[in-house]
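K.L.:
Got a structure here, written out as structure tokens. Questions coming.
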Amino acid sequence: MVRLLIGMILLAASLEAAAYRSLHFKGGGVDLLPTGDFTAATLERVVGYEKPPFYRFWSSPEPIPEANVETYTQKLQDYYRSKGYYEAAIASERRGDALYFIIERGRPVTVASVSYDGPDYLEPLVGISEGERFDTERFKALKKRLRRELQHRGYARYDLKTKAYVDLEAYSVGLVVAAVPNARCRFGRIVFDAPEDVGEAVLRRLLTFEEGEWFDIGKIEASYLALGLPGFFDTILIEPDLTREGDEVPILISLRRGKSRHLKTGIGYDTDEGVRGSVNWRDTNVLGDLTAFETGLTASMLEYELFGRYYDPLVILPGGRVFTFEGDVRVGKQEYDEYGQERYAATFSFGCKPFAPGSSAGAMVEYSVVDNATSGLAGDNGFFWTPALFAEYSRDRRDDPLDARQGYLLQVRGEYSHPGFGSDLEFGRLFTDLRYIDTFGGVTAAAKLRGAFNSDRLPVFKRFFSGGSMTNRGYPYRRVGPKDPSGYALGGNSLMEGSVELRHAIYGDLGGVLFVDSTLLSLDPFAFDHDPWNSWGAGLRYKTPVGPLRIDVGFPIDDPEQTGYQLHISIGQVF
């Protein structure tokens, strides 16, 4: 028994000794720069090797058993073949307790010819030219692009063939692409399989297509998004019936209930507002038909706000017009360097499309108590009653609101208040926000342009401020622009702000960024009396489930009043 135990211990020790403690890639087949298809981080993902995230610096990767070496080798071989290197040489060796793969790519298989037969509007989407290295993934993506374009143009039924003929002796491949659209189709009858307490009228309002419209796969995808936004359904299935003949495509929509009541809490930190937290409770079907009610509290070191919100996706007004309705009530307090404010506000709005970005208009009432204003301008302190009308439009086409790599966001909002409404102030206000993001060659480029304008010189709590982690990163929070004699920012009645950013992966989930920010800010409405405040900088990004962790260091450009650097730490992209 003792000998058996000793034998088991020795066996376990020998197996542990045989395991590798780290993984490395060397050779001409590995990219030295942190970009491309053959970086060390990419190859780690190919074989399935995971390292602990950087913030768990005390942890070590799981040991790699000797038995995994053959599996890793096969995965690498398959990957290099998929990228056109059919004869890549992959060898492995032990160096101490480390596993090394030495990789040489060899001669690539290139595209010798591309034969296309089909409609002219599809040919530019082929995107593969003679002489290029053959990439299996790109070739598979080609078929997906062509299929989506046909379905976007109404061709629900089609014949599509893509073939690759590889000649390994010549290290070449011939591609054949043929597309034959059938008759153009329309959306046919829509049938719902949904919970009984959600009426069909509400569900039809959520869809972005109607019976009789031209078939478009993009509208089906948008409907998935719209149906998912309320958070009410766990399962959403929109199924076109392509088995029937004719030019109509019936649609079956199956919906299964999820949990309608949600309690969420969160805590975080950024260098602008310090520690911040939130708690909110939401019922996404409080009165049936996807009516929603939400209440909660958000707080930071500078402010807090209590809110309550009611939303009805289907309101029929006199005359038969159908709208959405939202009522929002908020109570809060802010303590900035420039002023303190107690705010009580209520907003009531009607929109044109439920749960999705679009247009809406309504009325808002706001009562503010402002004190300790540092600007020294008459009328900045006191009590302000400011009812107003507003209209807004939003269009969000980003692929991921938390960490977008492609797409754009457009938002426009106008507000108007007048003494005839009982307001203590008369003003018009315009807000615009445009963001564009694109990714090419492993680099994500993002640009943002924001504008805000008051029609008159308004008290400090209605002005615009810039500076901080989400605006001009070479300056402290809300400190861009003209100052009073004590050095406090005055804000502005006109603001134009732009940012350009380049992001690139460094290793795994860690990335780097370079940026330039610029701000125009003036106390005069619709006019600027100062050169722009500019800054540049660099930062790091680390992907987390709630968005990237950002660390940015910004430096002002040619500003004698602002020297040194600013460090910003927060969660979420600037764009």
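The values are calculated or read from the model by the stated rules, or taken from the named source; none is laboratory data. Owing to the predicted nature of the structure, the values given are computational and were not obtained by experimental measurement. So basically every Cβ, Gly included, is an ideal-geometry build from the backbone, and we count neighbours across all protein chains shown.
K.L.:
Quick check on this structure: which one of 308, 362 is of a type outside the set (Lys, Arg) and free of Cβ contacts under 8 Å to residues at least 24 places away in the same chain? It would help to see each step written out before you state the result.
P.N.:
Details: 362 fails: free of Cβ contacts under 8 Å to residues at least 24 places away in the same chain.
Going through 308, 362 in turn, just one is of a type outside the set (Lys, Arg) and free of Cβ contacts under 8 Å to residues at least 24 places away in the same chain: 308.
K.L.:
Let me ask you something else. Any idea which of 540, 502, 510, 458 is aliphatic (A, V, I, L, M), under 28 Å from residue 383 (Cβ atoms) and in the same structural domain as residue 385 (by TED's automatic domain parsing)?
P.N.:
Numbers: 540 fails: under 28 Å from residue 383 (Cβ atoms); 502 fails: under 28 Å from residue 383 (Cβ atoms); 510 fails: under 28 Å from residue 383 (Cβ atoms).
After applying the criteria, what remains is 458.
K.L.:
Also, quick follow-up: Consider residue 379 against the criteria (1) part of a strand (DSSP E or B); (2) at positive phi: it satisfies all of them except one. Which criterion is unmet?
P.N.:
So residue 379 meets the others, but not (1).
K.L.:
For segment 392-424, which residues satisfy the criterion of being within 21 Å of residue 571 (Cα to Cα) and among the hydroxyl-bearing types (Ser, Thr, Tyr)?
P.N.:
The one that is within 21 Å of residue 571 (Cα to Cα) and among the hydroxyl-bearing types (Ser, Thr, Tyr): 408.
K.L.:
Could you list, in sequence order, all residues of segment 107-132 that are within 11 Å of residue 85 (Cα to Cα) and surrounded by 15 or more Cβ atoms within 10 Å (Cβ to Cβ)?
P.N.:
Once the filter is applied, which keeps residues that are within 11 Å of residue 85 (Cα to Cα) and surrounded by 15 or more Cβ atoms within 10 Å (Cβ to Cβ), segment 107-132 yields 108, 109, 110.
K.L.:
Also: Pull up segment 195-223, narrow it to residues that are among the hydrophobic types (A, V, I, L, M, F, W, C) and surrounded by fewer than 18 Cβ atoms within 10 Å (Cβ to Cβ), then point me to the one that is farthest from residue 399 (Cα to Cα).
P.N.:
Selected residue: 201.
K.L.:
Restricting attention to segment 517-535, report how many residues are buried (at least 16 other Cβ atoms within 10 Å of the Cβ) and touching a residue at least 60 places away in the same chain (Cβ under 8 Å).
P.N.:
Residues in segment 517-535 being buried (at least 16 other Cβ atoms within 10 Å of the Cβ) and touching a residue at least 60 places away in the same chain (Cβ under 8 Å): 5 in total.
K.L.:
Which of the strands (runs of 3 or more DSSP E) found entirely inside segment 240-316 contain at least 1 residues meeting this: within 30 Å of residue 211 (Cβ to Cβ)? Step through it out loud before you land on a result.
P.N.:
Details: elements: 248-257, 261-270, 274-283, 292-300, 303-316.
Those strands (runs of 3 or more DSSP E) span 248-257, 292-300, 303-316.
K.L.:
Give the residues of segment 469-519 that are farther than 21 Å from residue 437 by Cβ and of a type in the set (Gly, Ala, Ser), sorted by residue number. I'd like the intermediate steps shown before the answer.
P.N.:
Taking segment 469-519 first, the residues farther than 21 Å from residue 437 by Cβ are 474-495, 507-508.
Residues satisfying the conditions are 474, 481, 486, 487, 489, 491, 492, 494, 508.
K.L.:
When you go through 233, 192 one by one, which is the residue that is more than 20 Å from residue 148 (Cα to Cα) and crowded, with 18+ Cβ neighbours inside 10 Å? Write out each step before concluding.
P.N.:
Values: 192 fails: crowded, with 18+ Cβ neighbours inside 10 Å.
When all the criteria are applied, what remains is 233.
K.L.:
Is there a residue in segment 334-343 that is modelled with pLDDT of 95 or more and within 23 Å of residue 526 (Cα to Cα)?
P.N.:
Looking through segment 334-343, none of the residues is modelled with pLDDT of 95 or more and within 23 Å of residue 526 (Cα to Cα).
K.L.:
If a residue has to be more than 11 Å from residue 298 (Cα to Cα) and surrounded by 15 or more Cβ atoms within 10 Å (Cβ to Cβ) to count, how many in segment 270-280 make the cut?
P.N.:
Residues that pass the stated criteria total 4.
K.L.:
How many residues does segment 27-50 hold that are touching a Phe, Trp or Tyr at 6+ places or on another chain (Cβ under 9 Å) and at pLDDT below 85?
P.N.:
Total meeting the criteria: 1.
K.L.:
OK, next. How many residues, within segment 27-54, are more than 23 Å from residue 94 (Cβ to Cβ), surrounded by fewer than 13 Cβ atoms within 10 Å (Cβ to Cβ) and in contact (Cβ under 8 Å) with a residue 24 or more places away in the chain?
P.N.:
Residues flagged as more than 23 Å from residue 94 (Cβ to Cβ), surrounded by fewer than 13 Cβ atoms within 10 Å (Cβ to Cβ) and in contact (Cβ under 8 Å) with a residue 24 or more places away in the chain within segment 27-54 amount to 1.
K.L.:
Can you say whether residue 104 is surrounded by fewer than 17 Cβ atoms within 10 Å (Cβ to Cβ), within 30 Å of residue 40 (Cα to Cα) and over 36 Å from the mean Cα position of the chain (by Cα), as far as the supplied structure shows?
P.N.:
Details: surrounded by fewer than 17 Cβ atoms within 10 Å (Cβ to Cβ): yes; within 30 Å of residue 40 (Cα to Cα): yes; over 36 Å from the mean Cα position of the chain (by Cα): yes.
Yes.
K.L.:
Looking only at segment 183-209, count every residue that is touching a helix residue (DSSP H, G or I) at 6+ places or on another chain (Cβ under 7 Å) and either in a strand (DSSP E or B) or closer than 15 Å to residue 313 by Cβ (or both) and tell me the total. Let's see the steps before the verdict.
P.N.:
Keep residues of segment 183-209 that are touching a helix residue (DSSP H, G or I) at 6+ places or on another chain (Cβ under 7 Å), which gives 192, 194, 206-209.
This time we only want the ones that are either in a strand (DSSP E or B) or closer than 15 Å to residue 313 by Cβ (or both), so: 192, 194, 206-208.
Residues meeting the conditions: 5.
K.L.:
Here's a follow-up. Which of the residues that make up segment 410-426 are without any contact (Cβ under 8 Å) to a residue 40 or more places away in the chain and part of a strand (DSSP E or B)? I'd like the intermediate steps shown before the answer.
P.N.:
Kept after step one, since they are without any contact (Cβ under 8 Å) to a residue 40 or more places away in the chain, are these residues of segment 410-426: 410-414, 416-423, 426.
Matches in segment 410-426: 410, 411, 412, 413, 414, 416, 417.
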